[in-house]
């Protein structure tokens, strides 16, 4: 396929892939929450990943929801990496 030539394995180190996965997880969390009508600002998601929750209950609730999405996606990734069927 065309994309295989573009995927030079020397550039895709475990560290790079891990960083990219974290970024995509945060992005997926943002859009999942937005689709569900539970908008969380990206800056609050960044704070969430540091477990720095807001003092405002409404914002903290949305941060915890974002964290739940993040953790669920991470768990699915681990299942796939272990060779299991994720869904």
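List of remarks:
- Scanning the stretch 62-87 for residues that are over 21 Å from residue 18 (Cβ atoms) and modelled with pLDDT under 85 yields 85, 87.
- Leading residue by the ranking (nearest to the chain's Cα centre (by Cα)) among those in the stretch 20-44 that are outside any loop (DSSP other than H, G, I, E, B) and closer than 11 Å to residue 62 by Cβ: 29
- Contact map, the stretch 69-82: residues that are more than 14 Å from residue 29 (Cα to Cα) paired with residues that are in a helix (DSSP H, G or I), Cβ distance under 8 Å, separation 6+ or inter-chain. Pairs shown: 77/21.
- Scanning the stretch 49-61 for residues that are part of a helix (DSSP H, G or I) and modelled with pLDDT of 90 or more returns 57, 58, 59, 60, 61.
- Summed over the stretch 47-61, the residues that are farther than 17 Å from residue 22 by Cα and touching a helix residue (DSSP H, G or I) at 6+ places or on another chain (Cβ under 7 Å) give a count of 3.
- Selection within the stretch 73-87: residues that are in contact with a helix residue (DSSP H, G or I) (Cβ under 9 Å, 6 or more places away or on another chain) and assigned to a helix (DSSP H, G or I). The member of this set that is surrounded by the most Cβ atoms within 10 Å (Cβ to Cβ) is 73.
The values are calculated or read from the model by the stated rules, or taken from the named source; none is laboratory data. Computed from a predicted model, the values in this text were never measured in an experiment. In this analysis, Cβ positions are derived from the backbone assuming ideal geometry, glycine residues included, and neighbour counts consider all displayed protein chains.
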